[in-house]
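Here is the structure we will look at.
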Amino acid sequence: MDILRFATAGSVDDGKSTLIGRLLFDSKAIFEDQLEAVERTSRDRGTEYTDLSLLTDGLRAEREQGITIDVAYRYFATPGRKFIIADTPGHIQYTRNMVTGASTADLAIILIDARKGVLEQSRRHAFLTTLLRVPHLVLAVNKMDLVDYSEKRFAEIREEFTAFASKLNAADLKFIPISALHGDNVVSRSENMPWYGGSSLLHHLENVHIASDRNLVDVRFPVQYVIRPHNATSQELHDYRGYAGQVAGGVLKPGDEVLHLPSGLTTTITRIDTFDGPVEEAFSPMSVTLRLADDIDISRGDMICRPNNQPKAAQEVEAMVCWMADGLKLQPGSKLIIKHTTRTARALVRDLHYRLDINTLHRDESATSLGLNEIGRVSLRTTQPLFVDEYARNRLSGGFILIDEATNGTVGAGMIIDSR
């Protein structure tokens, strides 16, 4: 079975955690002791119903305030597909957490309170998901029970959001009216909304096509580790040399001619090993070990690709950066560590072109720095070449993180727009 990664986003109190709790509960994906603990906590707090949002809001501060602060990951499966859920916070000060949760998602669910309509934070999260190139977007109009399951209200929100989405790069957009609290249109179709002719949310999650979202054209294999067992008792392992990593793009097969960067030497794949044994082909996001016909000096951070389809070797990149550091600003002259695929180098911020107002999409070209949760376009110069693609073409080889040299903490996430 394939795996669908999806993230929930939206404004505060739109019901993101309750929706995930309802998905887990109605799909029988939680244990009895978990449900008993949630029921007990709900009673202790004086709630007349079982508060399913407690299944994801596990931090004490989250339960006290009734909000989501950190990204909560949950896992469940149906007969058709496995799922990894990232429940992201709605507050503006936790934008960096939302970016983290959505950066690896195949699909994003943006919740909107049917009473309040499309809010500023709803637009902000919609823009961020398209900036992060999340291929599929679902607008879940929640709390339909509080507007008497009104078809008119749903149509108004759909029309308003469609007008806003026309300014964004939203490839696949679907609208579903739901009530997370009562389970309407979450796992099964609701009898309260006979006017809605589409599928339930879970049915859409099970059937949305994601296989073609990954780049299967450009072969990209960043080397993470060189495996040399030196096992003297095993004839097979005595001279074993394999290059382990995660396929970041394309399809690899034994017999394929490949090129090594930065040396530029070519060789042939003789075998592809996995934990379960050799395979006849490897594709993103599989983690494999490549055996090559020739002994080439390959180490962590190098790239294996096709001779006639290479990433750009660049030391100067332009990128959109989401700044995540509290108390430290990104500004021209900042020196940081950049981690791109498996390659690590030092980087200098050459220029800050503009800061983006993600509410109005206005570019502030007078900005001199980026603060916490702010996004802007920057130019970076690295100490050694990075093997990059544009983020729009390949999210894995087009994305990077920035690390503070002093604390070794992640302070930014970037998406490459151009390189040279």
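The values are calculated or read from the model by the stated rules, or taken from the named source; none is laboratory data. Keep in mind the model is a prediction, meaning the values are calculated, not measured. Quick reminder, even Gly has a Cβ in these numbers, built from the backbone with ideal geometry, and neighbours come from all protein chains shown. Just so you know, the surface numbers come from the protein's heavy atoms only, side chains and all, with ligands and any DNA or RNA stripped out. Shrake-Rupley method; radii C 1.70, N 1.55, O 1.52, S 1.80 Å.
Residue count for the stretch 148-182 satisfying the condition of being under 14 Å from GLY15 (Cβ atoms) and either part of a strand (DSSP E or B) or touching a strand residue (DSSP E or B) at 6+ places or on another chain (Cβ under 9 Å) (or both): 6.
Looking only at residues that are farther than 17 Å from THR342 by Cα and surrounded by 18 or more Cβ atoms within 10 Å (Cβ to Cβ) in the stretch 400-420, which one is nearest to the chain's Cα centre (by Cα)? Selected residue: VAL411. The residues of the stretch 142-168 that are in contact (Cβ under 8 Å) with a residue 24 or more places away in the chain, more than 19 Å from LEU128 (Cα to Cα) and open to solvent by 50 Å² or more (accessible area, probe 1.4 Å), listed by number, are LEU146, GLU151, ARG153, GLU156. Determine, yes or no, whether GLU390 is open to solvent by 20 Å² or more (accessible area, probe 1.4 Å) and within 28 Å of ASP213 (Cβ to Cβ). The answer is yes for GLU390.
Taken together, the residues in the stretch 341-373 that are in contact (Cβ under 8 Å) with a residue 40 or more places away in the chain, touching a Ser or Thr at 6+ places or on another chain (Cβ under 8 Å) and under 17 Å from GLU405 (Cβ atoms) amount to 3. Only one of ARG133, ARG115 is open to solvent by 40 Å² or more (accessible area, probe 1.4 Å), at pLDDT below 95 and at positive phi. Can you tell me which? When all the criteria are applied, what remains is ARG133.
Of all residues in the stretch 375-386, those satisfying the criterion of being open to solvent by less than 10 Å² (accessible area, probe 1.4 Å) and within 15 Å of HIS340 (Cα to Cα) are LEU380, THR382, LEU386.
Is it true that SER369 is small (Gly, Ala, Ser), surrounded by 14 or more Cβ atoms within 10 Å (Cβ to Cβ) and closer than 28 Å to ASP218 by Cβ? Steps first, answer last, please.
Details: small (Gly, Ala, Ser): yes; surrounded by 14 or more Cβ atoms within 10 Å (Cβ to Cβ): yes; closer than 28 Å to ASP218 by Cβ: no.
So SER369 fails the test.
Of all residue pairs spaced 6 or more apart or on separate chains, those with beta-carbon atoms under 7 Å, a first member in the stretch 398-420 that is over 21 Å from VAL134 (Cβ atoms) and touching a residue at least 40 places away in the same chain (Cβ under 8 Å) and a second member that is among the polar types (S, T, N, Q) and surrounded by fewer than 18 Cβ atoms within 10 Å (Cβ to Cβ) are ILE403/THR410.
Against the numbered list (1) open to solvent by less than 70 Å² (accessible area, probe 1.4 Å); (2) out of contact with any Phe, Trp or Tyr (no Cβ under 7 Å at 6 or more places or on another chain), ALA171 comes up short only at (1).
Of the residues making up the stretch 212-257, those that are under 13 Å from VAL288 (Cβ atoms) and among the aliphatic types (A, V, I, L, M) are VAL219, VAL223, ILE227, ALA244, VAL247, ALA248, VAL251, LEU252. Under the condition of being under 25 Å from the mean Cα position of the chain (by Cα) and small (Gly, Ala, Ser), which residue from the stretch 267-294 is nearest to LEU396 (Cα to Cα)? If we take residues in the stretch 267-294 being under 25 Å from the mean Cα position of the chain (by Cα) and small (Gly, Ala, Ser), then SER284 is nearest to LEU396 (Cα to Cα). Residues of the stretch 297-320 that are crowded, with 17+ Cβ neighbours inside 10 Å and more than 26 Å from the chain's Cα centre (by Cα): ILE298, ARG306.
Among the residues of the stretch 355-366, count how many are surrounded by 16 or more Cβ atoms within 10 Å (Cβ to Cβ) and part of a strand (DSSP E or B). Steps first, answer last, please.
Within the stretch 355-366, the subset surrounded by 16 or more Cβ atoms within 10 Å (Cβ to Cβ) is 355-356, 358.
With part of a strand (DSSP E or B) added as a condition, the list becomes 355-356.
Counting residues in the stretch 355-366 that are surrounded by 16 or more Cβ atoms within 10 Å (Cβ to Cβ) and part of a strand (DSSP E or B) gives 2.
If the condition is being surrounded by 19 or more Cβ atoms within 10 Å (Cβ to Cβ) and at pLDDT 80 or above, then the stretch 67-86 contributes PHE83, ILE85, ALA86.
For VAL217, the conditions (1) in a loop (DSSP other than H, G, I, E, B); (2) surrounded by 17 or more Cβ atoms within 10 Å (Cβ to Cβ) are fulfilled apart from (2).
Report the residue count in the stretch 327-347 for those that are assigned to a loop (DSSP other than H, G, I, E, B), under 16 Å from GLY376 (Cα atoms) and under 25 Å from the mean Cα position of the chain (by Cα). Spell out the reasoning first.
Narrowing the stretch 327-347 to residues assigned to a loop (DSSP other than H, G, I, E, B): 327-329, 331-334, 341-342.
Narrowing the set further to residues that are under 16 Å from GLY376 (Cα atoms) leaves 328-329, 331-334.
Add one more test, that the residue is under 25 Å from the mean Cα position of the chain (by Cα), and what stays is 328-329.
Within the stretch 327-347, residues that are assigned to a loop (DSSP other than H, G, I, E, B), under 16 Å from GLY376 (Cα atoms) and under 25 Å from the mean Cα position of the chain (by Cα) number 2.
When ALA105 is tested against (1) more than 12 Å from the chain's Cα centre (by Cα); (2) assigned to a loop (DSSP other than H, G, I, E, B); (3) modelled with pLDDT of 85 or more; (4) not hydroxyl-bearing (Ser, Thr, Tyr), just one condition goes unmet, and that condition is (1). When VAL226 is tested against (1) under 30 Å from GLY301 (Cα atoms); (2) open to solvent by less than 20 Å² (accessible area, probe 1.4 Å); (3) over 27 Å from the mean Cα position of the chain (by Cα), only condition (2) is not met.
Within the stretch 106-123, the set of residues being of a type in the set (Gly, Ala, Ser) and closer than 22 Å to PRO135 by Cβ comprises ALA108, SER122. Comparison of ARG123, ARG96 shows that the only residue that is under 21 Å from PHE175 (Cα atoms), crowded, with 20+ Cβ neighbours inside 10 Å and basic (Lys, Arg) is ARG123.
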